[in-house]
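Once you've had a glance at the structure underneath, I'll fire off some questions.
The values are calculated or read from the model by the stated rules, or taken from the named source; none is laboratory data. Values in this document were obtained by computation on a predicted structure and should not be read as measured data. Cβ coordinates were reconstructed from backbone atoms using ideal geometry, including for glycine residues, and neighbour counts include every protein chain displayed. What goes into the accessible areas is simple: the full protein's heavy atoms, side chains included, and nothing from ligands, DNA or RNA. Shrake-Rupley method; radii C 1.70, N 1.55, O 1.52, S 1.80 Å.
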Amino acid sequence: MSQLYYGDNLDVLREHVPDESVDLIYLDPPFNSNASYNILFKSPIGSGADASIEAFDDTWSWGPAAEEALLDIMHSGNHALHTLMQAMRASIGTNAMLAYLAMMAVRLVELHRVLKPTGSLYLHCDPTASHYLKLVLDAVFGLERYRNEIVWKRTSAHGNVSATYGDVTDTIFYYSKGPSPVWNKPMMPLSEKHIDTKYNQVDASGRRFTTRDMRNPGVRPNLHYDYAALNGITYKPHPNGWTCTQNKMRQYDEEGLLHYPAKSDGRLRLKLYLDERGGRPMQNLWDDIPPLNSQAQERLGYPTQKPRALLERIITASSNPGDVVLDPFCGCGTAVDAAQKLGRRWIGIDVTHLAIGLIEKRLREGYGDGVEFETVGVPRDLASAQRLARDDPHQFQAWITLKLGGWPWMGGKKGGDKGVDGYFYYLGRGAKPETGVISVKAGTHINPAMVRDLWGVMQRDKHPLGVFVCAGLPTRGMAEEAAAHGIAEMEFGRFPRLQIFTLAELFGGLKPKLPPLVSPNRRAARVETRASHQPGAQASLL
């Protein structure tokens, strides 16, 4: 079964992923670009709740964790990597870049360990540290295991070109664990223009073909011979020689694949039939997969989200159905989504509950009951959920909001949200999507004033419904304050305008009483398949 892990990928790899158990690794780690990435979601009604939530800081700094990573590398047994990291330390110093490289290097050691001998790794990065990362990859995998540097054109334009060239590409390094990795040769389809221009000859049977020169690109004395063709004419080779042996030339001739020149002193050419061509072999410049635009159906709003077509190409080329694909920085889950679609098993790891919740939603919305996976490291019972609320309130807010079918608050810094931590989108009047608000209180010090704050936001922003979620039990005053705002009668039933929902109710199998929920990332409102259309139905996307 596929697995989705919450936690530090280094710990997960060491504790849960056995040696040589993975067929393909794709990683798209933070790029050390010193940028705080915000996740953006657009509401289905196109207004009101659009905003952002800080998912992670792509910022590295030198400290104890980096020192520990260098010690782990020293004890890893990889002398080449240890020597490289010491040389880097001497040359660039103990700064943010070295911290980033140390944290990446110790993880690449583990990723190399879990790869099968026939496995491959693709590391997606930008120019900020790509030159350093290639040195680290060479040390971990060996110079002989480098396969390609793929250049992906990720955007068509860049405005900041006053003093530099426009930065429009990413780099993807491709390495193999052993000498014979899984390889399904990727082909590019031929364009109509290419077909019309190149395959412009037709044989007696009506098959379109083109021809290829049979001169060797280099000087090959062993392939320098006169060839007596079946048409009775003997042809001279190019000074470099032919491209094939005399036996192979005879085979081509007998199969009717040689194209005889009009003149006896002309050059033989090889026929290439259009109906036998699967396309043209893929090169290492990928400019045919555009980035996700703002209206893309698959767009989740994750700032570094890659198009699924990019991952499908990689997974198809370097794995087979049933193989295991690992993404240790899985973010919003494009790699695991592509792996699921292509019939692979997968392992995804991320350090935020927000990412884990997004991936769960993405898979269940995309595949319904047809997707089977285990999520490890998230709260499984009331005690673990309360522990998360106590230890990491912000992670708890993201987790519970997603768990209830909502989407986390995206309004930047905390404090100006008046207690709003998320939104949910539901079918309102005329089956059109409307927005409700969620307030989450992870602590134990809660009171009626917090419920009144939520009601104030609902009135200010004209939200008909709101949910107040608390880790502990509400006071009587809180329950009375919520009940005082009455019932909203809607197309799908009657619902409390403001309701209180607790962790105890969640783990008791209950859900907030809400109309059918819809995803904010669908162009048209779509009712969740498990949400009943009957009045009074309770709905959740999870």
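For the peptides 62-70, 319-327, 188-196, what is the packing order when you average, over each peptide's residues, the other Cβ atoms within 10 Å and list the highest mean first?
Most protected by this proxy first, the peptides run 319-327, 62-70, 188-196.
Work from the charge dipole of the chain (Cβ charges, +1 for Lys and Arg, -1 for Asp and Glu, about the Cα centre) and give the residue of LEU274, HIS112, GLY430 farthest towards its positive end.
Selected residue: LEU274.
At a Cα cut-off below 16 Å, give the aspartates and glutamates reachable from LYS361, other chains included and same-chain residues fewer than 8 away excluded.
GLU298, ASP337, ASP350, ASP369, GLU372, GLU374, GLU528
In terms of solvent-accessible area of protein heavy atoms at a 1.4 angstrom probe, what is the ranking of TRP409, TRP286, highest value first?
Accessible-area ranking of TRP409, TRP286, largest first: TRP409, TRP286.
Something else now. For mean projected area of the Cα convex hull in nm², which listed value, (i) 31.9; (ii) 33.5; (iii) 26.7, comes from the coordinates shown?
(ii)
Which helices, taking whole DSSP H runs in the chain, have alpha carbons extending 24 angstrom or more along the helix axis plus mean Kyte-Doolittle at least 0.5? Don't jump to the answer; show the numbers that get you there.
Numbers: long enough: 96-114 (28 Å, 1.25).
Both cut-offs are met by 96-114.
Accessible area of ASP8, 1.4 Å probe, to the nearest 10 Å²?
Accessible area of ASP8: about 60 Å².
Then there's this: Treating only the Cβ atoms of Lys and Arg (+1) and Asp and Glu (-1) as charged, compute the dipole magnitude of segment 371-495 about its Cα centre; round to the nearest 20 debye.
The calculated dipole for segment 371-495 is roughly 300 debye.
Further, regarding this structure: Determine the gain in length on full extension of the stretch THR197-ALA229; use 0.36 nm per residue of separation and subtract their C-alpha separation, reporting nm with one decimal.
Details: separation 32, 0.36 × 32 = 11.52 nm, distance 2.85 nm.
Here the answer is 8.7 nm.
Lysines near LYS198 by alpha-carbon distance under 17 Å, same-chain residues fewer than 8 away left out - which ones?
LYS271
Let me cross-check THR197: its accessible surface, 1.4 Å probe, with only protein heavy atoms counted, in Å² to the nearest 10?
My reading of the accessible area for THR197 is about 80 Å².
Working with all protein chains in place, sort SER264, SER519 by solvent-accessible area computed with a 1.4 Å probe, largest first.
Largest accessible area first, the list is SER264, SER519.
For ARG460 and ARG277 in one chain, what is 0.36 nm times their gap in residues minus the Cα-Cα distance, to one decimal in nm? The partial results should precede the final answer.
On the way: separation 183, 0.36 × 183 = 65.88 nm, distance 6.34 nm.
Here the answer is 59.5 nm.
What lysines does LYS236 reach when the alpha-carbon gap must be under 18 Å and sequence neighbours fewer than 8 apart in one chain are set aside?
LYS248, LYS263
Turning to a different aspect of this structure: Rounded to the nearest 10 Å², what accessible area does LEU342 show when all protein chains are kept and the probe is 1.4 Å?
50
Further, regarding this structure: So if the hydrodynamic radius of segment 90-147 is defined as the Kirkwood radius over C-alpha pairs, what does Stokes-Einstein give as its diffusion coefficient at 25 °C and 0.890 mPa s, in µm² per second?
Details: Rh = 12.3 Å.
So the translational diffusion coefficient is about 199 µm²/s.
Here's another thing I want to ask about it. Could you tell me the calculated FRET efficiency between ALA479 and ALA65, based on Cβ-Cβ distance and R0 = 35 angstrom, to the nearest 0.05?
0.20
How would segment 143-219 be classified by its alpha-carbon gyration tensor: rounded, prolate or oblate, with rounded meaning a/c under 1.5 and the a/b versus b/c comparison settling the rest?
oblate
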